[in-house]
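Student: My structure is below; once you've seen it, I'll send some questions.
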Amino acid sequence: MTCFEASTGLKVNLAKSEIVPVGEVENLRVLADILCCRIGSLPMSYLGMPLGSSFKSTSIWNSIIEKMERRLTGWKRLYLSKGGRLTLLKSTLSSLPTFYLSFFTIPSSVAKRIEQLQRNFLWGGIDEGFKHCLVRWDTICSPIADGGLGVRKLVPFNRALLGKWLWRFGVEGDRLWKRVLVARHGAACGGWSTGLVRGSHGCGLWKGTMLGWESINAHLRYKVGIDDRVRLWHDKWCGDVILKEAFPMLYECASNQAATISEVVVREHGRVDWNVIFVRNFNDWELNIVVSFLHLLQSHLSSREVDDGLRWSLKKTGTFDIRSFYMALRDSSTVVFPWKSIWRTKAPRRACFFEWTAAWNRILTCDNLSKRGYTLTSWCCMCCSSGETVDHLLIHCPMASALWSWVFQTFGVQWVMSGTVTTLLFSWQNGLGRHSLDIWNMVPICLMWTVWKKRNQRTFEDFSRSNRQILESFTLTLFDWSRAWGFTSSSSLNKFSSSLYFPSHAVNL
C-alpha cells in the first residue's frame, strides 16, 4: 500500500476499510490491528455488487425491488397521466435493474415481480385501488413500430446484456478475467468461448452466461486470417453458410471433420491453395458439388495476412450491439400499426397514450366493459341510441361525425371516413401535403381526446354539453397545442380557424 500511495498520490483510508476473510484465516484479529481496520464478513456489497451470495438466490435482487418500491412510493403522491407514467417507466424504472442484469441471470420469479411493479405503475394500480391493464404486457414491450410502447422485457434484455461478455471473450486479447475463465473451464470452438460449464459449485455466474452461447453464435460471422481458430466445417466464415450443412455429403467424406482453415490452406507467394482431403474419390455425378464447394471456398478467403476475428452480422459495422441482439431475441412480429400517426405528432403524451389505447380497441367503452364481466346497458351516452364501441364513439356517433365534418370543411378537403380508428390513422398521416402539416397530423388525437373527455364528464359527472360547446372545446384544444409548438401565429381562435383553410379537393380512403 505504501508503494501504491507513492505512485498514485492517493492515500488509503484504513479507518473506513474492512478486512474480509475468505474461509478460515489465522490471526485475523492481529492482521486487523496491524492495518487499523475493521473485520467484515461475507456476504457483503462492494461497488454495488453482492459478494459471497448465491447468484441463483432471489435475495440478491431484494435491494433492486426495494429501490423500485421506494421510487414508486414517491411517485404515487404525484398526479401523473399515463403519458407521464410511461416516460418515468422507460427513463428511470426500467433502468434500475440494468447493472445487475449485466452480470446475473435473473430468476423468473424476480422478473415477474419487477414487471408486475412496472405494469401496475403504468396503469395506476400502486396503492390506488384496482386498475384495469388494458393492453397485454407483451404488446407493451414490443417496439413502437410494431404497436408497442418500447418498454424492455427483462428476460431477453438480460440475455442480451450477458451476451456482451460472450462477445468480449471472443474479441478481447489476453485479459486477466479471460485467462481465469479458460483456466477454470478450458477453451472451446477455436478459443472463441469456454468449454461447457459442468460444475455445480463456484461457477454459477459464468454458467448462466454460457447458456446464451447458442443464441449469440447464430449471429456471429468469422473472419479468416492466418490463425488456426476458425473451423472449416462448423463455423460461419463464408457468408451465412455452415459448410457441413450446405455440403453434407462432402462433410461425411472429409478425413478431418474438425479441421481448421489454416490446416487445409496453403499460402505461398501471395497465392492461396486449398488442400481439403477426403476419404474416397468422387463419382462423376458428384463432381459438380465438389466444384461448387471449391468455388465457394475461393470466393471467401482473402490473401491478406491478418488475424482471425469475429463479425456481428446484425450490424453493418460488424461490432456487437446490445440493442440489435435484444431485438433478435424477441419474437418477430408481423403487426401493422399506425404508430407514426400517434407518436410522431406533437400532441401531449397523455393524449398520444389514449390514442394508442384506442387504436388497439382497448379503451373502456361499454362493449369492452361487458367483455370484462360488467353488467350494464350498452348504449352511447353521447347520442343515446347505438351501442357504445370504440369505433362508434370516436368516429360514427352523430356528435363525433359533426366534429369530423367541421374539420374537413375547415381544412377544405373532401374525405371518405374510414370504418375503424386504425384505418383512419393509417390514411391520415401527412394526408394534407405541406400546408398546416403539423396541425393536420394532430387533429385525430385532439378530436378523439376531446370526445373521450366529454363522454366521461357526461357519464361520471352527469355534466353534458351541446355539440357546439364540444366543438369549441376541440378547437380551443387544437389551438393551444398548435400555439405551444409554434405551429400558428394566429392571435385569436377565429383567425386560427381561418388559417387552416386550404382547398385541396383530395379524397382519402
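The values are calculated or read from the model by the stated rules, or taken from the named source; none is laboratory data. Just so it is clear, the structure is predicted and the values come from calculations on it, not from any experiment. All Cβ positions, glycine included, derive from the backbone under ideal geometry; neighbour counts span all protein chains shown.
Student: Considering only residues that are aromatic (Phe, Trp, Tyr) and outside any loop (DSSP other than H, G, I, E, B), which ones fall in segment 312-325? Before you say what the answer is, go through the steps one by one.
Tutor: Of all residues in segment 312-325, those aromatic (Phe, Trp, Tyr) come to 312, 320, 325.
Residues satisfying the conditions are Trp312, Phe325.
Student: Let me ask another. Kindly indicate the residue of segment 391-450 that is in contact with a strand residue (DSSP E or B) (Cβ under 6 Å, 6 or more places away or on another chain) and among the small types (Gly, Ala, Ser) and also modelled with the highest pLDDT among those meeting that condition.
Tutor: The extreme case among them is Ser427.
Student: In addition: Can you pull out every residue in segment 164-219 that is assigned to a helix (DSSP H, G or I) and aliphatic (A, V, I, L, M)? Please lay out each step first, then the result.
Tutor: Step one: filter segment 164-219 for residues assigned to a helix (DSSP H, G or I), giving 164-171, 176-185, 189-191, 204-210, 213-217.
Listed by number, the residues that qualify are Leu166, Val171, Leu176, Val180, Leu181, Val182, Ala183, Leu205, Met210, Ile216.
Student: Tell me the helices (runs of 4 or more DSSP H) entirely within segment 326-377 that contain at least 2 residues that are farther than 21 Å from Arg85 by Cβ. Let's see the steps before the verdict.
Tutor: Working: elements: 340-343, 349-359, 366-371.
In segment 326-377, 340-343, 366-371 are the helices (runs of 4 or more DSSP H) which contain 2 or more residues that are farther than 21 Å from Arg85 by Cβ.
Student: Something else about it: Residues of segment 289-322 being acidic (Asp, Glu) and under 19 Å from Trp192 (Cβ atoms), which ones?
Tutor: Those that are acidic (Asp, Glu) and under 19 Å from Trp192 (Cβ atoms): Asp307, Asp308, Asp321.
Student: Sticking with this one: For Ser262, indicate whether it is among the hydroxyl-bearing types (Ser, Thr, Tyr) and surrounded by 16 or more Cβ atoms within 10 Å (Cβ to Cβ). Don't jump to the end; show me each part of the working.
Tutor: Details: among the hydroxyl-bearing types (Ser, Thr, Tyr): yes; surrounded by 16 or more Cβ atoms within 10 Å (Cβ to Cβ): yes.
Spelling it out, Ser262 is indeed among the hydroxyl-bearing types (Ser, Thr, Tyr) and surrounded by 16 or more Cβ atoms within 10 Å (Cβ to Cβ).
Student: Go through (1) within 17 Å of Leu232 (Cβ to Cβ); (2) over 40 Å from the mean Cα position of the chain (by Cα) one by one and return the number of the condition Leu287 breaks.
Tutor: (1)
Student: A further question follows. How many residues does segment 210-225 hold that are among the basic types (Lys, Arg) and in contact with a helix residue (DSSP H, G or I) (Cβ under 6 Å, 6 or more places away or on another chain)?
Tutor: Residues of segment 210-225 that are among the basic types (Lys, Arg), as a first pass: 221, 223.
Imposing the further condition that a residue be in contact with a helix residue (DSSP H, G or I) (Cβ under 6 Å, 6 or more places away or on another chain) reduces the set to none.
Here the count works out to 0.
Student: Among the residues of segment 16-37, how many are part of a helix (DSSP H, G or I) and over 19 Å from Leu47 (Cβ atoms)?
Tutor: Quick first cut of segment 16-37, residues part of a helix (DSSP H, G or I) only: 16, 28-35.
Filter once more, keeping what is over 19 Å from Leu47 (Cβ atoms): 28-35.
Number satisfying all stated conditions: 8.
Student: From the set of residues in segment 445-464 that are in contact with a helix residue (DSSP H, G or I) (Cβ under 6 Å, 6 or more places away or on another chain) and under 16 Å from Cys397 (Cα atoms), which is surrounded by the fewest Cβ atoms within 10 Å (Cβ to Cβ)?
Tutor: We begin by selecting, within segment 445-464, every residue in contact with a helix residue (DSSP H, G or I) (Cβ under 6 Å, 6 or more places away or on another chain); these are 445-451, 454, 463-464.
From what is left, the residues that are under 16 Å from Cys397 (Cα atoms) are 447-451, 454, 464.
Numbers: Leu447: 23, Met448: 26, Trp449: 24, Thr450: 21, Val451: 21, Lys454: 21, Ser464: 13.
Of everything passing the filter in segment 445-464, Ser464 is surrounded by the fewest Cβ atoms within 10 Å (Cβ to Cβ).
Student: Quick one: in segment 117-173, of everything that is among the β-branched types (Val, Ile, Thr) and over 15 Å from Arg85 (Cβ atoms), which residue is surrounded by the fewest Cβ atoms within 10 Å (Cβ to Cβ)?
Tutor: Taking segment 117-173 first, the residues among the β-branched types (Val, Ile, Thr) are 126, 135, 139-140, 144, 151, 155, 171.
Within this subset, residues satisfying the condition of being over 15 Å from Arg85 (Cβ atoms) are 139, 144, 155, 171.
Working: Thr139: 17, Ile144: 16, Val155: 15, Val171: 13.
Ranking the qualifying residues of segment 117-173, first place goes to Val171.
Student: Report, by residue number, each residue of segment 231-259 that is modelled with pLDDT of 90 or more and of a type in the set (Val, Ile, Thr).
Tutor: Ile242
Student: When you check Phe293 against the structure, is it aromatic (Phe, Trp, Tyr), out of contact with any strand residue (DSSP E or B) (no Cβ under 6 Å at 6 or more places or on another chain), modelled with pLDDT under 95 and surrounded by 14 or more Cβ atoms within 10 Å (Cβ to Cβ), yes or no?
Tutor: Working: aromatic (Phe, Trp, Tyr): yes; out of contact with any strand residue (DSSP E or B) (no Cβ under 6 Å at 6 or more places or on another chain): yes; modelled with pLDDT under 95: yes; surrounded by 14 or more Cβ atoms within 10 Å (Cβ to Cβ): yes.
Judged against the criteria, Phe293 is a match.
Student: Identify all residues within segment 145-176 that are touching a residue at least 40 places away in the same chain (Cβ under 8 Å), more than 18 Å from Phe320 (Cα to Cα) and of a type in the set (Lys, Arg); write none if there are none.
Tutor: Arg152, Lys153
Student: Go through segment 76-95 and count every residue that is hydrophobic (A, V, I, L, M, F, W, C) and surrounded by fewer than 16 Cβ atoms within 10 Å (Cβ to Cβ). Spell out how you get there, then give the answer.
Tutor: Residues of segment 76-95 hydrophobic (A, V, I, L, M, F, W, C): 78, 80, 86, 88-89, 93.
Next cut, surrounded by fewer than 16 Cβ atoms within 10 Å (Cβ to Cβ) only: 78.
Residues in segment 76-95 being hydrophobic (A, V, I, L, M, F, W, C) and surrounded by fewer than 16 Cβ atoms within 10 Å (Cβ to Cβ): 1 in total.
Student: Would you please list the contacts, defined by Cβ atoms under 9 Å and residues six or more apart or on different chains, that run from a residue in segment 177-194 that is over 21 Å from Asp307 (Cβ atoms) to a residue that is modelled with pLDDT of 85 or more and not charged (D, E, K, R)?
Tutor: Close Cβ pairs satisfying both conditions: Arg184/Thr194; Arg184/Trp206; His185/Thr194; His185/Trp206; His185/Met210; Gly186/Thr194.
Student: With the requirement that a residue be surrounded by fewer than 17 Cβ atoms within 10 Å (Cβ to Cβ) and either farther than 25 Å from Val279 by Cβ or without any contact (Cβ under 8 Å) to a residue 12 or more places away in the chain (or both), what does segment 222-245 give you?
Tutor: Lys223, Ile226, Asp227, Gly239, Asp240, Ile242, Glu245
Student: Within segment 201-254, work out how many residues are on the phi > 0 side of the Ramachandran plot and in the same structural domain as His295 (by TED's automatic domain parsing).
Tutor: The qualifying residues number 1.
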